[in-house]
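The values are calculated or read from the model by the stated rules, or taken from the named source; none is laboratory data. Nothing here was measured: the structure is a model prediction, and the numbers come from that model. Using ideal geometry, Cβ is built from the backbone for each residue, glycine included, and neighbour counts are taken over all protein chains shown. For the accessible areas, the whole protein counts, side chains as well, though only heavy atoms, and no ligand, DNA or RNA atoms are used. Shrake-Rupley method; radii C 1.70, N 1.55, O 1.52, S 1.80 Å.
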Amino acid sequence: MKKSEHSIKVRGAQDLVELWRTLPVSILRYPASTLAPAHGTAVLSDILRARAWREHCAAATTVSCVESGNSCAMVDRNCCRADVLFPAQIGGGAQKWRMATMFLQWRPSVQELHLISVGETACEELDWAARCLREHHGLDAVLSTDVTHYGDLEFRGTKHWRLVFVTPWLVFKSKRTITSLESKPDAIAIAHEIGKSLRERAKKFTALCSREATWQKLTCHLAHHVTNALLPTAFSIDQVRIEPQRLKLSSRGNGGMFNALVWNGDVTLSVDETLLPWLSILSICGGGENADKGFGSVELIPQ
């Protein structure tokens, strides 16, 4: 993708950004000195996910929906906090406009683990999440931040960034064997993958700005079309330092095995200032496949 030398103007883009800026966001920081070797982000995220479904499921049963092997019985009703924090659709993933609203992100540049909550419900449950991490993993030396809304985290000014894949970026997964390891991806392939994630995360982030399912669907369509209009000239890949790798993984839902192609490494980007809010969302939520479950965590460092 070739970036324009002039700021890109796309109808509706600024309206989306203004909407995002009001979305509640909170962050707790855990310095590396307080973490044990076993404190991997995927492990801690799994703990929070499991406890959310055990303690916040709104089903009128003694066992949560997910623990009984069923999808949420109250999906899209905004009355089940477990479903809001960690949506689950047994056997096929949550609706396309939905995503997790709590993320654990490791920040190598500052040697900190960040617990990030996105949206009103997740922010209200931040103390609960911190208590879970303290009681079950001894994470007690937590530092608060002044972040209250997405606008506090939005990237501004700098147009050149180093994007580091902190956890493997899951490009695709298949039950079939990946017979040959693809060659190192070029700038075109990487731009395609990053663009796809920018689009998907923008859609889901926009849906979080509404509680009503119809408006969630409609606004995520708007975000999809606005992002498509921005992407062709809004960023370029300047340098590529990526190593592809094959992994054999198992599904946490049904235990089935699948093969995956992941990328490790980093790239440098040049980004039009109009696209910076999209890049900020990627920093919070990650990208690629299965980002809600620990893959595709990224850190963006200004250059």
Report summary line: Output for Cβ contacts, cut-off 7 Å, separation at least six or different chains, first residue at positive phi in the stretch 278-303, second outside any loop (DSSP other than H, G, I, E, B) and hydroxyl-bearing (Ser, Thr, Tyr), reads Gly288/Ser197; Gly294/Thr41; Gly294/Ser45; Gly294/Thr167; Gly296/Thr167
Report task. Take the stretch 136-150 and flag every residue that is under 22 Å from the mean Cα position of the chain (by Cα), surrounded by fewer than 12 Cβ atoms within 10 Å (Cβ to Cβ) and in a loop (DSSP other than H, G, I, E, B). Result -> Asp146
Query raised in the report: Which of the residues spanning the stretch 263-273 are surrounded by 18 or more Cβ atoms within 10 Å (Cβ to Cβ), touching a Ser or Thr at 6+ places or on another chain (Cβ under 9 Å) and outside any loop (DSSP other than H, G, I, E, B)?
Result: Leu269, Val271
Query raised in the report: For the subset of the stretch 42-67 comprising residues that are of a type in the set (Gly, Ala, Ser) and open to solvent by 10 Å² or more (accessible area, probe 1.4 Å), which member is nearest to Arg134 (Cα to Cα)?
Result: Ser45
Report task. With the condition kept exactly as written, say whether any residue in the stretch 250-265 is in contact with a helix residue (DSSP H, G or I) (Cβ under 8 Å, 6 or more places away or on another chain) and free of Cβ contacts under 8 Å to residues at least 40 places away in the same chain. Result -> no
Report summary line: Inside the stretch 199-241, the number of residues satisfying the requirement of being hydrophobic (A, V, I, L, M, F, W, C), buried (at least 19 other Cβ atoms within 10 Å of the Cβ) and farther than 21 Å from Ile116 by Cβ is 6
Query raised in the report: What pairs can you find where one residue is in the stretch 47-61 and on the phi > 0 side of the Ramachandran plot, the other is open to solvent by less than 40 Å² (accessible area, probe 1.4 Å) and of a type in the set (Phe, Trp, Tyr), and their Cβ atoms are less than 9 Å apart, with a gap of 6+ or different chains?
Result: none
Query raised in the report: Condition test on Pro244, is it part of a helix (DSSP H, G or I), surrounded by 15 or more Cβ atoms within 10 Å (Cβ to Cβ) and touching an Asp or Glu at 6+ places or on another chain (Cβ under 6 Å)?
Result: no
Query raised in the report: Checking Met74 against (1) surrounded by 14 or more Cβ atoms within 10 Å (Cβ to Cβ); (2) more than 30 Å from Trp263 (Cβ to Cβ); (3) at pLDDT 95 or above, which test does it fail?
Result: (3)
Query raised in the report: Does at least one position in the stretch 284-296 carry a residue that is at pLDDT 95 or above, part of a helix (DSSP H, G or I), open to solvent by less than 50 Å² (accessible area, probe 1.4 Å) and in contact with a Leu (Cβ under 8 Å, 6 or more places away or on another chain)?
Result: yes
Report task. Within the stretch 103-116, identify whether any single residue is touching a Gly at 6+ places or on another chain (Cβ under 9 Å), of a type in the set (A, V, I, L, M) and within 28 Å of Val164 (Cα to Cα), and answer yes or no. Result -> yes
Requested in this report: Would you be able to say whether some residue in the stretch 172-184 is without any contact (Cβ under 8 Å) to a residue 12 or more places away in the chain, within 30 Å of Asn259 (Cβ to Cβ) and in the same structural domain as Leu279 (by the TED database)?
Outcome: yes
Query raised in the report: Which residues, counting only those in the stretch 232-246, are basic (Lys, Arg) and at pLDDT 95 or above?
Result: Arg241
